[in-house]
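Trainee: I have a structure I would like to understand better, so I am pasting it below and will then ask my questions one at a time.
Read the figures in this text as sums done on the coordinates, not as results from a lab. Remember, predicted model here, so these are calculated numbers, not experimental data. Positions of Cβ are backbone-derived with ideal geometry, glycine not excepted, and every protein chain shown enters the neighbour counts.
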Amino acid sequence: MYHLTRYIHELCALASFALFFVRGVWMLRESPQLSRRWVRILPHGIDTLLLASAVALTLMLHQYPLTDAWLTAKLVGLLVYIGLGLVALRYGKTRGARAVAWIGALAVFLYIVSVALTHDPLGFFRAMT
């Protein structure tokens, strides 16, 4: 069951990133695609499954945010990612502000992945030191 849950989590993370990337490109191009119904609904479904699988994995592994530093780092990173994503796709006042927030969110997402792969709060930054 662990491997299936992990696979679902990884697949949802990839799908979430890809969809966020595409939505950001559409935002920069002011594409009407952003207003399509499936574009507004699908990310919520993917992210819900991503979060549910994350909770399941923490319970299976008995590793928890605020107890295990790397999971705390992922959780903080997730909150920053969500905040930047909201600015990028909804609340940014100018296209420039949205673009900066979008690039920042992409970078934070990659940081979260590096923490997940290394189980280290510094992620790939640890390798650079």
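Trainee: Give the relative contact order (percent, whole number) for the chain; include only Cα pairs under 8 Å separated by 6+ residues.
Mentor: 23 percent
Trainee: Further, regarding this structure: Taking Cα atoms, how many degrees apart are the long axis of helix 69-86 and the longest axis of the chain, rounded to 10 and kept between 0 and 90?
Mentor: Value to nearest ten degrees: 10.
Trainee: With a Förster radius of 35 Å, plug the Cβ-Cβ distance of Glu30 and Arg6 into 1/(1 + (r/R0)^6) and report the FRET value to the nearest 0.05.
Mentor: After rounding to 0.05, the efficiency reads 0.40.
Trainee: A further question on this structure: Treat the count of other C-beta atoms within 10 Å as a stand-in for reagent exposure and order His9, His62 from fewest to most.
Mentor: Placing the least packed residue first, the sequence is His62, His9.
Trainee: If you place +1 on the Cβ of every Lys and Arg and -1 on the Cβ of every Asp and Glu, how big does the dipole about the Cα centre of region 2-128 come out, in debye to the nearest 20?
Mentor: Charge dipole, region 2-128, about its Cα centre: 620 debye, nearest 20.
Trainee: Treat each spin label as a single point 7 Å out from the Cα along the C-beta direction, and report the Thr72 to His44 distance in nm.
Mentor: 3.3 nm
Trainee: At q = 0.16 Å⁻¹, what base-10 log of I(q)/I(0) does the Debye formula yield for the chain when every alpha carbon is treated as an equal point scatterer in vacuo?
Mentor: Values, matching the q order: -0.84.
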